[in-house]
Amino acid sequence: AQKVTQAQTEISVVEKEDVTLDCVYETRDTTYYLFWYKQPPSGELVFLIRRNSFDEQNEISGRYSWNFQKSTSSFNFTITASQVVDSAVYFCALSEATRNTPLVFGKGTRLSVIA
Amino acid sequence: NAGVTQTPKFQVLKTGQSMTLQCAQDMNHEYMSWYRQDPGMGLRLIHYSVGAGITDQGEVPNGYNVSRSTTEDFPLRLLSAAPSQTSVYFCASSVRLAINTGELFFGEGSRLTVL
């Protein structure tokens, strides 16, 4: 069965530090999609990125970057020069294309950025 | 577009009472789902629907009922509320028929307390 593990429950960094959020996934499907969502203190869930299993290119969007490595079943998320506004809970999620399964989320990592 | 609208935002119930959490989307999305969020547990799928008239169970369906009579609405019914159902509930929808490839759009959440 599909599974997403976010081993880091909480992380605290000082503003301007870089921080990496880890995500390890398990799936038997050969075609799957990986996602990251952000939940700020206000509570809403915000989509950040989607990657499919055939595209291992790393992606950069401003201060955010994602490292997808099939060899280690990981899809890690790095925030460069963190800011207080980055404080949130971040969720990694997985869905399997061939098996047509809904998104399964990890338990989330709470990131606190201290000024 | 209003996006995904959930009502009510807050609700307090007594054990044994029933209630319905409403979810409506105006984006003509085929796929809709309900998740619950509990501390340290991430987002867990309760029920989902890939189109009007079609529903299926997720990871934690017990104690909940759903129906999908229209594309726009996907209500979640608590048949006999229990304290274990105290949680924050999120409704989400996606444009794609392939439920796993589309970005999920979330409602703002409904905080339910069962006494």
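The values are calculated or read from the model by the stated rules, or taken from the named source; none is laboratory data. Note that the structure is a prediction, hence the values are computed from the model and not measured. As a convention, Cβ positions derive from the backbone with ideal geometry for all residues, glycine included, and neighbour counts pool all protein chains shown. Heads up: the accessible areas ignore ligands, DNA and RNA and are worked out on the full protein's heavy atoms, side chains in. Shrake-Rupley method; radii C 1.70, N 1.55, O 1.52, S 1.80 Å.
Mean-square fluctuation check for chain B, GNM, Cα pairs under 10 Å: which of B:94, B:80, B:49 is largest?
Top of the fluctuation ranking is B:80.
For residue A:38, which aspartates and glutamates qualify as cross-link partners when the Cα separation must be under 15 Å and same-chain residues fewer than eight apart are set aside?
Candidates past the 8-residue exclusion: A:10, A:22, A:86, B:103, B:108.
Show the residues, 5+ positions off or on another chain, whose built amide H is closer than 5 Å to the amide H of residue B:82.
When sequence neighbours closer than 5 places are left aside, the close amide H contacts are B:16.
Taking just the alpha carbons, could you work out the radius of gyration and Dmax for the range A:8-115, both in angstroms?
So, for the range A:8-115, Rg and Dmax equal 13.8, 45 Å respectively.
Using a cut-off of 14 Å between beta-carbons, work out the net charge of the residues near residue B:52 (Lys and Arg +1, Asp and Glu -1, residue B:52 not included).
-3
Checking an interface number: how much accessible area is buried between A and B, summed over both chains, with a 1.4 Å probe, in Å² rounded to 100? Don't jump to the answer; show the numbers that get you there.
Working: alone 6370 and 6030 Å², together 10780 Å².
Buried surface at the A/B interface: approximately 1600 Å².
Distance between Cα centroids, the range A:28-66 to the range B:53-95: provide it in whole Å.
Here the answer is 25 Å between Cα centres.
DSSP beta bridges in the protein assembly as shown, what fraction antiparallel, as a percent rounded to 5? Kindly include the intermediate steps, with their values, before the conclusion.
On the way: 68 of 77 bridges.
Once the DSSP bridges in the protein assembly as shown are tallied, antiparallel ones form about 90 percent.
For the range B:33-48, just list the computed ³J(HN,Hα) in residue order, Karplus coefficients 6.51, -1.76 and 1.60, θ = phi - 60°, integers in Hz, with x standing in for Gly and Pro.
Rounded to whole hertz, the list is 8, 10, 10, 10, 10, 10, x, x, 10, x, 9, 10, 6, 9, 9, 8.
Rounded to the nearest whole Å², what accessible area per residue is found for chain A with the 1.4 Å probe?
I get 49 Å² per residue for this part.
Return one whole number: the accessible area per residue of chain B in Å², for a 1.4 Å probe.
45 Å²
List every residue whose amide H lies under 5 Å from the amide H of residue A:87, counting only residues 5 or more places away in sequence or on a different chain, with H placed 1.01 Å from N in the peptide plane.
Excluding prolines and chain starts, which carry no amide H, the hits are A:113.
Can you list the residues in the range A:77-104 whose accessible area drops by at least 40 Å² when all protein chains are present, compared with the chain alone? Use a 1.4 Å probe, heavy atoms only.
SASA drop of 40 Å² or more in the range A:77-104: A:100, A:102, A:103.
What is the percent carbon and sulfur in the accessible area of the range A:1-54, measuring with a 1.4 Å probe over the protein chains and ignoring ligands?
Carbon plus sulfur share of accessible area: 48 percent.
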